[in-house]
Amino acid sequence: MPLWIKIKHFFLRLLIPIQKLLQRTGRQESAITPEAVAEILRLIEPGDTLCSTESGRPTSYLIKGYYDHNVIYGYNKKIIEAVGDRFITINGVRHNIGGVREVDLVKWLYQLKGVALIRPNLPKYI
């Protein structure tokens with residue numbers, strides 16, 4: 001690996017604590033309406049991708065484009081998303097509540113400013 005890439009990775013690793021702090025600050029009120037949530041629940045099918053945008057997250061300004069996060073709809077009103085590691089301690093045991101996780105779709109939707117539903121246009125069986 002070239003030296004300049006090693007240097008770049010070193011500096012990016014130094015910024016990780018700052019990035020994690022920014023991710024946890026300043027969440028604003030949701031702008032999504034109950035009507036929009038009802039429409040998404042009517043349209044969504046397993047395997048669909050949801051692209052979301054939130055207001056008030058400083059890290060959102062560092063991501064190009066309107067949408068800054070993607071999730072996959074699983075089933076039974078649950079989504080699958082990947083987020084950064086976040087550790088909490090419960091009864092002396094350390095748990096990672098980040099990583100790849102399953103989240104309630106409706107609860108997740110009400111945290112958003114906007115959302116787009118994307119469905120692959122592929123044959124059912126390839």
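Any read-out appearing in this document is the output of simple, stated calculations on the displayed coordinates, not a laboratory observation. Predicted, not measured: the structure shown is a model, and the values here were computed from it. So basically every Cβ, Gly included, is an ideal-geometry build from the backbone, and we count neighbours across all protein chains shown.
Observations
- FRET efficiency for residue 70 and residue 13, using Cβ-Cβ distance with R0 set to 22 Å, rounded to 0.05: 0.35
- For the range 64-84, the residues whose backbone nitrogen is under 20 Å from a point 7 Å from the Cα of residue 95, taken along Cα to Cβ, are 78-84.
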